[in-house]
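Single-structure report; data block below.
None of the figures in this text is laboratory data; all of them are computed from the coordinates on show. Note that the structure is a prediction, hence the values are computed from the model and not measured. Don't worry about glycine lacking a Cβ; one is built from the backbone with ideal geometry, like all the others, and counts go over all protein chains shown.
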């Protein structure tokens, strides 16, 4: 009896990697999934911080896909290593701060390392030629295979028939004729295949699966680097850029203003890391102060905070300022009128 | 058999799952791990991770705004002897 071959599939949680895995599993290959967490991944839970979106399923789509396929999933934390990809992408950025091509090369390389350590035979991705403008083009497919070191161990089942033969096909581990020739941006072939496989429910993230493709998020990241004078970040930075309204009235500090209770709850976990403020005399949002704020800055921050509370129309609002040790004091401020809150303070 | 506690507070999914996964790798079959979290998403995700990786969820509960999941480590290699969820 021939040896049972094993493949590791890059599982994003979207439909394509789900279909690609299933297509190879159909041919008797043992598949396990791998999912990389960069910190910038768009997950249901990040959105679920905000109360208004709690009607969306609070699930991790990669785990959900693995469960639908009946495969193991290995989730790998690459937050630290990913910094080099984001800060110095050899192939540059896309429309925003998204280094998609370098990201794909990096992930396939990590999957290759995992494959070798675990004694697996080849790698699967859900890539489709022409599906994405930066990383999934005819010209970039061989670049990913070569620069990741995966070479002909990288199989893209959904468009394999448009690409040169890979080792799993040459060796007969998989039958090329049972793979696909999808290309272009149309999702119809994938939806048809999903129907054929009986997948009725699957994630279809409109803006991709990474915050770095988001214009607003990218602006906040660049603003953070400019304010600090260095291009660096940690996980807390990445998380806090996902929540709240970011207002920078002065170059050396900004306010992160919770937009509702879910965000306030999440931001409360950071009270030991930032000066925090909230309205004492009226209902109002939690605010974190990022940067070095002196007394005048805190007064201005208090006025901005009051603008977002229920006391915005009154003469005076009492605001509590809490230092990192939890020591509180109150100040009285006049809420900042809307016409004194310039548009360019909003990051 | 040991009983251990993992503090995954303030982490957003999938980090509590990753920390659980990494901790479980250091444990033995039958050991019990209690994971303490603040992200409500773990109520879905850690049990899902347990199901696909052969571990048993003993208890999930909320406690003063925190989400606690108690699991028993299963035989991870047995899961590798995988049976597909659909006919081939």
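Odds and ends about this structure:
- Residue by residue along B:41-54, Cβ atoms of other protein chains within 10 Å of the local Cβ number 5 on average.
- Helical contribution to [θ] at 222 nm, DSSP H n ≥ 4, -39,500 (n - 2.57), averaged over chain A, rounded to 500: -10000 deg cm²/dmol
- Antiparallel DSSP beta bridges within chain A, as percent of all bridges there, nearest 5: 60 percent
- Taking a point 7 Å out from the Cα of residue A:151 in the direction of its Cβ, the residues of the range A:164-182 whose backbone N falls within less than 16 Å of it are A:164-171.
- Cα-based equivalent ellipsoid of the range B:1-52: semi-axis lengths in Å, sorted from largest, via gyration tensor: 18, 12, 9
- Summarising the label geometry, the points placed 7 Å from Cα in the beta-carbon direction at residue A:171 and residue B:36 lie 4.8 nm from one another.
- Full-extension gain in nm, residue A:320 to residue A:192, via 0.36 nm per residue minus C-alpha separation: 40.3 nm
- Model label sites at residue A:81 and residue B:3, defined 7 Å from Cα along the beta-carbon direction, differ in position by 3.7 nm.
- Theoretical ellipticity at 222 nm over chain B - DSSP helices of four or more residues, -39500 (n - 2.57) apiece, nearest 500: -8500 deg cm²/dmol
- Inter-centroid distance (Cα atoms) of the range A:112-181 relative to the range B:13-42, Å: 33 Å
- Unit Cα scatterers, Debye sum, chain A: log10 I(q)/I(0) for q = 0.13, 0.15 Å⁻¹: -0.97, -1.17
- Degrees separating the helix A:188-197 axis from the principal Cα axis of chain A, which is the longest one: 70 degrees
- With Cα atoms, 0 to 90° folded angle of helix A:215-228 axis to chain A main axis: 60 degrees
- Annotation: the antiparallel percentage among DSSP beta bridges lying fully within chain B is about 70.
- Peptide A:61-68, shielding by other chains (average Cβ, 10 Å cutoff): 4
- Principal-axis tilt of helix B:15-24 within chain B, Cα atoms, nearest 10 degrees: 60 degrees
- Viscosity 0.692 mPa s, 37 °C: Kirkwood-radius Stokes-Einstein D of the range A:136-265 over Cα pairs, µm²/s: 172 µm²/s
- Chain A - percent relative contact order, Cα under 8 Å, separation 6 or more: 15 percent
- Highest average first, the peptides A:296-302, A:325-331, A:89-95, B:41-47 ordered by how many other beta carbon atoms sit within 10 Å of their residues are B:41-47, A:296-302, A:89-95, A:325-331.
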